[in-house]
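Engineer: Pasting in a structure now, in structure tokens, and then I'll have a few things to ask.
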Amino acid sequence: MEEHRWTSRPGELLRAEEGFRLDAVDPGSHPGFGGDKVAGKRELARRREVLGDLQERLFAASRAGEAKGAVLLVLQAMDTAGKGGIVRHVVGGVDPQGVELAAFKAPTPEERAEDFLWRIEKRLPQPGFIGVFDRSHYEDVLIGRVRGLADAAEIERRYGAIVEFERRVAASGVRIVKVMLHISRDEQKQRLAERLERPDKHWKYDPGDIDERMRWDDYMAAYQLVIERTSAPLAPWYVVPADSKWYARLAVQELLIDALQDIDPQWPKADFDVEAEKRRLAAS
């Protein structure tokens, strides 16, 4: 193994197993990777080719009617934790034709009139695609719980509904990769301060972020409960330390590679006589 590459698979190190404690995870750590930021960026670029090749095979198979699966990346995090950076620097490194991105905001009146999973189901990835949820159905048991937007009985119902929903989605051939980007409160403060200092970052700043920050402990408790109640063998949670942006991107990239390798997409076979077409081309 080359210097500074992974010493252990992130999928094993970062998976939230039984007895998992969020408060035992150091947001500034780099589990399984011994290199520094420079080495991490170099590895990210090197492995981008692997991810791109796997994604292209999956997409090509879908165009040929041979696709057997899809991948759904669910990104959850406190504000500033780096969801956008994952989308740009990890998912953005593959062919955009084969990517479906959904950024879930506050539900519309039409969406509120339906069950909370109604709008989620409509955005599930097609066979052959990588789907990305920038926030997701988990907002309905995180914000819903912390802000008291639903009563305790309804929150409890939603945990069970999510587990059943994800079981059904996984059974359909979608590999679900659920990631919590775990940032520390101090690091979030620094990133919010940077947004205030830089005019080119003002568009990313929301005064409401401070209000949510004041509920930090409540959110950490809500995340702990979500992980306990909804991590399942076919849809486990991965908690990725996110104080170092480069590490978080590298870890999520490896989780996506693992999911695609599990699908094992193959290039579709030609539905024409290749040698005959070579002869026709040479004579043209």
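The values are calculated or read from the model by the stated rules, or taken from the named source; none is laboratory data. As the structure is a prediction and not an experimental result, all values here were calculated from the model. Cβ placement follows ideal geometry from the backbone for every residue including glycine, while neighbour counts extend to all protein chains displayed. The area values use the complete protein model at the heavy-atom level, side chains included, leaving out ligands, DNA and RNA. Shrake-Rupley method; radii C 1.70, N 1.55, O 1.52, S 1.80 Å.
Engineer: Find all pairs meeting these conditions: Cβ atoms under 6 angstrom apart; at least six residues apart or on different chains; first residue within region 54-71 and touching a residue at least 60 places away in the same chain (Cβ under 8 Å) and assigned to a loop (DSSP other than H, G, I, E, B); second residue buried (at least 21 other Cβ atoms within 10 Å of the Cβ) and small (Gly, Ala, Ser).
Structural biologist: 67/128
Engineer: Could we say that residue 249 is modelled with pLDDT of 95 or more, within 16 Å of the chain's Cα centre (by Cα) and surrounded by 15 or more Cβ atoms within 10 Å (Cβ to Cβ) here?
Structural biologist: yes
Engineer: So, in region 202-218, exactly how many residues are outside any helix (DSSP H, G or I), surrounded by 12 or more Cβ atoms within 10 Å (Cβ to Cβ) and not hydroxyl-bearing (Ser, Thr, Tyr)?
Structural biologist: Step one: list which residues in region 202-218 are outside any helix (DSSP H, G or I), which gives 205-207, 214-215.
Still in the running and surrounded by 12 or more Cβ atoms within 10 Å (Cβ to Cβ): 205-206, 215.
After this cut, where a residue has to be not hydroxyl-bearing (Ser, Thr, Tyr) as well, the list is 206, 215.
The number of residues fulfilling the criteria is 2.
Engineer: Can residue 100 be described as open to solvent by 20 Å² or more (accessible area, probe 1.4 Å), among the acidic types (Asp, Glu) and at pLDDT below 95? If you could, list the steps in order and put the result at the bottom.
Structural biologist: Details: open to solvent by 20 Å² or more (accessible area, probe 1.4 Å): yes; among the acidic types (Asp, Glu): yes; at pLDDT below 95: no.
The answer is no for residue 100.
Engineer: Name the pairs: first residue in region 126-152 and under 16 Å from residue 179 (Cα atoms) and in a loop (DSSP other than H, G, I, E, B), second residue among the basic types (Lys, Arg) and open to solvent by 10 Å² or more (accessible area, probe 1.4 Å), Cβ to Cβ under 8 Å, at least 6 apart or on different chains?
Structural biologist: Close Cβ pairs satisfying both conditions: 135/83; 135/105.
Engineer: Which one of these is surrounded by 18 or more Cβ atoms within 10 Å (Cβ to Cβ), of a type outside the set (Asp, Glu) and more than 13 Å from the chain's Cα centre (by Cα): 142, 117, 149? Outline the logic, then answer.
Structural biologist: Values: 117 fails: surrounded by 18 or more Cβ atoms within 10 Å (Cβ to Cβ); 149 fails: surrounded by 18 or more Cβ atoms within 10 Å (Cβ to Cβ).
Result: 142 is the single residue among 142, 117, 149 that is surrounded by 18 or more Cβ atoms within 10 Å (Cβ to Cβ), of a type outside the set (Asp, Glu) and more than 13 Å from the chain's Cα centre (by Cα).
Engineer: Pairs only if they're at least six apart or on different chains, beta carbon under 6 angstrom, first in region 256-282 and open to solvent by 100 Å² or more (accessible area, probe 1.4 Å), second part of a loop (DSSP other than H, G, I, E, B) and β-branched (Val, Ile, Thr); list them, first residue then second.
Structural biologist: none
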